[in-house]
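Down below is the structure, laid out as structure tokens.
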Amino acid sequence: MFGKEFQRKFALTEQGVHNTKMGTFWTVIVNLVVMGGMGILYLMMNGFIGTLTEGKPLPGVLTILLLVLGFLILSFFTHLQQYKATYGLVYREVKNVRISLAERLRKLPLGYFGKRDLADLTETIMGDVNRLEHVWSHCLGYLYGSYISTAIIAVMLFAYNWKLAIACLWGVPAAFLLLFGSRKMSARNSEITKAAAVQVSDGIQETLENIREIRATNQEDRFLKALNDKIDHHESRMIHTELTNGIFVNAASVIMRLGVATTILTGTGMILSGEISFMVLFMFLLVITRVYAPFDQALALIAEMFLSQVSADRLMEIHDAKTAEGSESFSPEGHDIVFENVGFAYDNEQVLRGVSFTAKEGEVTALVGPSGSGKSTCARLTARLWDIDSGTIRVGGVNIAKIDPEMLLTDYSMVFQDVVLFDDTVMENIRLGKHGASDEEVLAAAKAANCDEFVEKLPQGYATPIGENGAKLSGGERQRISIARALLKNAPIVLLDEATASLDVENETKVQGALSRLLAGKTVLVIAHRMRTVEAADKIVVLKDGKVAEEGNPEELSAKEDGIFHHMTELQAASAGWAL
């Protein structure tokens with residue numbers, strides 16, 4: 001019952017399966033103890049009827065009080081254990097589930113995140129885990145415990161009187177058959193509702209991220225209307241899903257309750273024919289109240305479990321995704337970067353085809369070429385943010401596909417055009433470059449990156465919060481913080497993705513000065529869109545259509561009048577006058 005298929009079906013950990021087993025066990029005990037309470041009531045009623053009809057003495061008051069007291073104590077203890085085994089254990093387990101999800105996401109290659117949007121992942125980690133949390137704590141143990149305890153009680157009832165047992169219990173399997181028959185419809189409705197919820201999250205995120213552009217173009221009404229439409233659609237889907245499930249759940253409950261009528265009719269006929277006494281019918285009616293009680297809630301729980309399958313599948317999709325793993329040891333002989341016949345594709349769209357080149361240690365190697373030629377892809381593959389499909393990438397003679405990405409990245413510093421900063425102080429944003437760096441080290445890196453000039457004007461200097469993603473800073477200031485991080489890390493390999501492309505001339509000059517200090521003696525791979533960026537490069541690799549079209553130093557490539565680099569240089573000189 002609780003094997004690997006069950007574990008996967010409900011996205012449970014090993015501990016989660018153990019929790020479900022414990023919850024099931026104590027639910028069975030609780031249901032049997034409560035049924036024992038019905039037995040005490042039956043004994044009291046039987047004694048009272050015996051006194052009225054046959055003049056038998058009433059049961060002793062002390063005996064009854066002791067039975068009731070024993071029942072209350074036992075009921076309290078078993079209910080407490082059931083609570084601990086379901087809610088208590090599960091709530092602690094949910095923390096571990098979220099941590100394991102975060103760890104899994106941390107180990108996934110960057111390519112995975114290119115296929116899933118942020119709102120969808122957030123919905124999985126928060127919304128789907130919340131839904132499954134309720135299933136784990138309120139449904140699984142309770143439902144499977146009800147199955148087992150009802151089966152035990154059913155065996156006893158059939159052994160006592162099979163006719164009344166059938167009249168009493170036939171509604172239970174009929175009700176569950178109705179619910180299981182609606183399973184595909186419920187799952188489909190849940191998928192559509194979940195997709196609508198993700199659309200709402202996407203719409204809210206998109207609106208917040210682009211609020212300045214929306215206001216600048218006077219598009220508030222259009223975006224708000226689109227967002228309202230998404231919210232209305234999600235609301236209508238939720239109503240439709242819950243209404244559909246409610247109809248099936250209530251219909252199943254009505255069918256199950258028909259067992260009361262059939263028990264009374266069957267029992268009355270058997271009393272009239274002399275097959276049973278009134279007390280036997282009374283006993284069965286008492287049993288019905290306890291057999292049906294757990295399943296009243298169980299019917300709703302089954303419907304919720306059907307809906308949870310979509311959430312479980314989304315969690316398992318993350319766990320099934322292939323992680324980027326490798327050796328924890330990385331000891332290269334130098335830091336030359338060598339591409340050997342590298343091929344790579346995004347979702348079956350080939351981007352690189354047999355790319356081979358070498359970026360030598362102590363030199364600046366620039367990757368240039370038309371948009372979409374594979375420049376940024378090469379840089380990301382160099383840092384194993386994606387894994388290549390064919391060929392080999394070596395750093396210092398070591399195949400990076402065999403090295404754990406986190407270990408590999410200890411030798412890399414990256415400065416990209418799009419800088420990511422956190423809502424923290426200038427000091428702490430720079431300190432991200434080296435965990436545990438002292439204030440003196442951070443300040444030295446900041447000074448080398450020319451950060452002093454603008455930090456001195458901030459109200460609290462390096463202790464000034466800079467807002468979400470550095471909202472309080474200019475583009476050049478944010479870029480210099482990024483360079484300070486890289487200087488602090490002082491890694492032997494530096495990847496630059498057109499770090500100065502969006503800056504004005506004054507800021508570009510300041511950032512270039514900081515970069516010159518960062519790049520000294522390192523293996524540098526530069527992604528260049530503007531030809532003036534690569535004038536001082538030691539080597540240029542020209543990519544076109546995912547292949548290496550040209551290689552050489554700037555002078556050699558400029559001299560090839562029919563070459564791609566020469567053509568790009570002339571185009572940019574003519575259109576921008578070298579003043580981009």
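The values are calculated or read from the model by the stated rules, or taken from the named source; none is laboratory data. Just so it is clear, the model here is predicted, and its values are computed rather than measured. Heads up, the Cβs are rebuilt from the backbone with ideal geometry, glycines too, and the neighbour counts pull from every protein chain shown.
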Seminar exercise, completed: Of the residues in segment 314-345, those that are within 26 Å of the chain's Cα centre (by Cα) and surrounded by 17 or more Cβ atoms within 10 Å (Cβ to Cβ) come to ARG314, LEU315, ILE318, ALA324, GLY326
Seminar exercise, completed: Quick count over segment 221-252, residues being among the charged types (D, E, K, R), surrounded by fewer than 13 Cβ atoms within 10 Å (Cβ to Cβ) and closer than 19 Å to SER308 by Cβ, is 0
For this session: Give me a count of the residues in segment 346-362 that are outside any loop (DSSP other than H, G, I, E, B) and surrounded by 15 or more Cβ atoms within 10 Å (Cβ to Cβ).
Result: 8
Exercise. What are the residues in segment 411-423 that are surrounded by fewer than 18 Cβ atoms within 10 Å (Cβ to Cβ) and over 17 Å from LEU110 (Cβ atoms), if any?
Worked result: PHE422, ASP423
Problem set entry | Output for segment 361-412, where each listed residue is of a type outside the set (A, V, I, L, M) and touching a Pro at 6+ places or on another chain (Cβ under 9 Å) | GLU361, ARG384, TRP386, ASP387, ARG394, GLY396, GLY397, PRO405, ASP411, TYR412
For this session: Can you tell me which residue among ARG215, ARG222 is in the same structural domain as GLY181 (by TED's automatic domain parsing), at pLDDT below 85 and within 29 Å of GLY203 (Cα to Cα)?
Result: ARG215
Seminar exercise, completed: In segment 366-393, anything in contact with a helix residue (DSSP H, G or I) (Cβ under 7 Å, 6 or more places away or on another chain) and outside any loop (DSSP other than H, G, I, E, B) is listed as ALA366, LEU367, VAL368, ARG380, ILE393
